[in-house]
Every structure is written in structure tokens, then in C-alpha cells.
1. Checking the condition closer than 23 Å to N319 by Cβ, touching a helix residue (DSSP H, G or I) at 6+ places or on another chain (Cβ under 9 Å), assigned to a helix (DSSP H, G or I) and open to solvent by less than 20 Å² (accessible area, probe 1.4 Å), which residue from L199, L216, L236 passes?
2. Suppose we filter L86, L79, L137 for residues that are surrounded by fewer than 14 Cβ atoms within 10 Å (Cβ to Cβ), aliphatic (A, V, I, L, M) and without any contact (Cβ under 8 Å) to a residue 24 or more places away in the chain; which single one remains?
3. Being within 19 Å of R46 (Cβ to Cβ) and either open to solvent by 70 Å² or more (accessible area, probe 1.4 Å) or over 27 Å from the mean Cα position of the chain (by Cα) (or both), is that true of even one residue in region 109-119?
4. Scan region 22-32 and tell me whether some residue there is at pLDDT below 50 and within 30 Å of A134 (Cβ to Cβ).
5. Assess whether F269 counts as being of a type in the set (A, V, I, L, M, F, W, C) and farther than 25 Å from A196 by Cβ.
6. Step by step: first the residues of region 317-349, then only those that are touching a Phe, Trp or Tyr at 6+ places or on another chain (Cβ under 8 Å) and among the hydrophobic types (A, V, I, L, M, F, W, C), then the one that is surrounded by the fewest Cβ atoms within 10 Å (Cβ to Cβ). Which residue is that?
7. So which pairs qualify, if the first residue must be in region 190-207 and at negative phi, the second must be among the acidic types (D, E) and open to solvent by less than 70 Å² (accessible area, probe 1.4 Å), the Cβ gap must be under 7 Å, and the two must be at least 6 apart or on different chains?
Amino acid sequence: MKKIIFFLIILSIFGSCFAQEAIEADDTPTVTASKGGYAEVPPAKRPKPIDQEKAQAAAEKDETPEDEENNRNTIRYGLPSEIGTLLDTLLKNDDPRYTEEIYDLFQVTKSPVIKEKVLKYFTKAEDPCLEDYAVDLLNDPYDENNSVVKATFQYVSAVKTKAAIPAVITLVESENENYFNDAISTLGDIGGPEEAMFLVEYLDRDDLSDAQRQTLMRNCGKMHAVETWDKLVDILDNDDENTFVRMYAAESLGLMEVEKSVPVLVQHFDATDPNLRQYVIKGLSHFPDVVEAKATIIQGIRDEHWKVRQEAIRTVKENKTTDAMQYLIYRAKNDSEKLIKEESYSSIAALNTDDGNDFLIAQLKDKKVADGTKKKIVEVLLKEDHAGEKDVIELAKSVAKDDKRKDLRYAIAKEMVKNYKSSYDEVAQMYLESKDSTTISLGLDMYKQKKSSSLEPYVNTIASEKKNSANKKRAQKLLGIEEETEEKKEDAK
């Protein structure tokens, strides 16, 4: 009897364990593919508060105190062409001061051009204030201008409007050529595991075109859809597969950031097709700390095909691979392709090593180096702002009065204007004192950035010239001097 009771107790304990395991197994979440359908439209909302720091930076670019009010009036009352030109400028200057007026304009405009530009404006700002419009449109885009629909997809991607997912899936399934690629790309940007599973299942269809499969390849990786890893490896390994599909499969394997992708990608770096080798580099770029990946990328800098070299050079820049410096310097000196030389200069400056900076500065000083090359070196040194500022200033001063080197003179000024510093004032003074009108105009561009008091007398001299010119009018405007018209001259008499 005791043995029977003991057996029943043991059975009860094991039964409980098995039951618990069964419960835990049942509780394990399973990923199922998302479905298309009508997307619920989010409630309307106003724009985000204005970024005051950006607003101040944009205000400093105004030429007159009236510019801000004039811009507001253009948005309120201007023609679509006038508003469109202004919106382009605001986008370029990253100017957030008019978001409220632009939002209100969007609610009433019928112009497809204005709709597209406003969507781009709020896309750049990543402001979700137009989510209600965007989701509503993607539920039924068929009567809207294609450029507006495209801008809407881009907006939804930028602000991560997950509410749009059912509508986007419906547009994928519709296979409408106008929307398919944008819908897949948007799904890659805003989707999660469920949307990844939708793409995995969609990838198995037999009726997809090569172009459609290429788009799916890219976005499987973008969504980190590791569920597709085996399938993508099979596609990459298939020599009979479309080359572009294999290329995007290689890129997607990298985008998944699964380390087991590295040996698979490295294996294909000996492919005869340079396009595939280029995309192997793209895939390997996502593993900056994996020795095998890094070594292959560095070898890509010496690949016979320029596309592969370009990709490798860009990758070592992005991954801050300073081990590649001597390869970059060699390519900058010796490559037969101008494009590769310029990419090398850009990467050398970005990596900011002593060897690299010394090389760039030596090139600036070398009289045998062409001015076209020096333009690029000035550009990358000033952009990265690690080294060479003093040497660029000396070069600018040396060409300020040398009319045989006007192109270099102009190029240096344009680069200085992009991120103007007070240390450039001496160069600006020389430009303002020039007799060449383009040089003077560039000097005024430099003055406009910070309006240094030390430069004001030279701008005033230009504003006081007897002969009328575009530079004179601009100098007067920058100094806030009211232009003297013929009518006022008569009144003065």
C-alpha cells in the first residue's frame, strides 16, 4: 500500500512538471504575418513646438529684419509658385520658424505641388502632425497625384506611423505598379516581426517580377527579419538567380546583423561580377568589429573595379577603420579614377589620424598638386574640422589677389561660408578689398555669417561706392542702410 501511495505522489509531481511545461509552451508567443485592411486614422494634432536653437540659427541667415514677416505673408497669401520656392529655401536652411503657418496652409491647399513640399518639410522635421492625413490618403490613394502619394509614403516612413501598416500591406497586395515599391520600402521602415513574416510569405510567390523580388530582398534585411536568413543565403548561393536579386540578398544578410552572415558573404567576395562584390562589401559593412569582415573590406580598396573600391573606401570611413589609412593614401596618390581619389581624400580627413592629416596638409602645400585637387582637400579639411585650418587660411590668402587662381579662390570662400569662423576674418577682408566682383560677393557672403565688427568698415566702403552695383546694394542691405533712390535725391535737392 505504501509503495502505491509513493508511486502516486511521484506521478503527481511529474505530472505537474509536464503540465507546467505544456503551459509554458502554450504561452510562447508565435509570430504570424500581418494582414492588410482599412487603417484606423489617428486623431488630428498640431505641429511639435519649434526648436528654438534651429530657429535662431535660421534667423541669423536672414538678410533683413523684414525677411521673417515677408516669409509669413508669402505662406499666407502667396501664389503656389512663390510658396513652393520659399518652402525649398526653408527645407534647405532647416528653418522651423513657420511650422504653424505651413500646417494651416496644408489644411486648405488644393495644390499638389504645395502638398508634396509641405509633406517633405514635415518629413525632414520628423513631425507627426500630418499622420491623420497620411493614413487617410494611404487607405485610398487612387485619386491623388502620384508625387503626393510618394511623398506621403516617405513621410510615414520618417515619422514611423505604425497606424498605416494595414493600408500599406493592402497596397502591396494590390500589386499596383505606382505603389508597390514605395509600399514595400515603407513597410520595411515601420514594420516589426509580423510585417517581416508577411514579407517572408510574400517572397515565396511565383508570380513576382525580378524588380519586385529585389525590393523585397532589400527590405527583409532592413526589418532585421532573421526568419528569412536561410532563404536569403539560398538565393545568394544560386548562380542562376538574377544578379541584382543576389546583390540585394547580400546586402540584406548584412542588414540583419547576424554574425553568421560574415563567412557566407566573404565566400562570395571572389565573384566575377563586380556588382556582387560591391554588395558583399555593403553587407560586411554592418560588422565593423569582426576581423574577417574588416580584412575583406580593406582588400576591397585595392579591387580592380572602381565600384568596389568606392564602396570599400566609403565603408572604412563610416566604420572608422583607421587600419586602412595607408591604403587610402596610396589610392589618393595613384588611383586612375578621379572619383576614387576624391573619396579617398574624404575618408582620410574623416578618420583623423596623424598620418592622414599630415598627408592632406602636405598636398595643400605642394606646388605640383593641381588646384582642382586642392579644392577637394580644402572641402574635406574644413568639413571635418580636425586639422589644417591654418594651412587653408594661408592658401586662401595666397590666392586672394592671384587672378590666375580664381577658381580656387572662389572654392575656398564657398567652403568657409558653410561653417564660418572668426579666424577667417582676415581672408574675408582680403576678399572684400578685391576688385573682382565675384570675390567681393563671396566676401559679403562671409561677412553675412557673423557680421564681425572688424569687417564692417570694408562692407561700408562697398556700400558707399559712387557706382551702383549688385554688391553695393547688397552691402547696404546687410548694413541696414536704406537705398537712396533717384526720387529721394530729387527731394533732397
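1. L236
2. Numbers: L86 fails: surrounded by fewer than 14 Cβ atoms within 10 Å (Cβ to Cβ); L137 fails: surrounded by fewer than 14 Cβ atoms within 10 Å (Cβ to Cβ).
Testing whether each residue is surrounded by fewer than 14 Cβ atoms within 10 Å (Cβ to Cβ), aliphatic (A, V, I, L, M) and without any contact (Cβ under 8 Å) to a residue 24 or more places away in the chain leaves just L79.
3. Yes - at least one qualifying residue is present in region 109-119.
4. yes
5. So F269 passes the test.
6. My answer is L339.
7. Every condition considered, no pair remains.
Per-residue answers, yes or no, for (1) modelled with pLDDT of 95 or more; (2) more than 19 Å from V427 (Cα to Cα); (3) not in a helix (DSSP H, G or I):
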| site | (1), (2), (3) |
| --- | --- |
| K368 | no, yes, yes |
| I377 | yes, no, no |
| L381 | yes, no, no |
| S398 | no, no, no |
| R405 | no, no, no |
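The values are calculated or read from the model by the stated rules, or taken from the named source; none is laboratory data. Predicted, not measured: the structure shown is a model, and the values here were computed from it. Here the Cβ is made from the backbone with ideal geometry for all residues, glycine too, and neighbour counts use every protein chain on show. Surface areas here come from the heavy atoms of the whole protein model, side chains and all, with no ligands, DNA or RNA. Shrake-Rupley method; radii C 1.70, N 1.55, O 1.52, S 1.80 Å.
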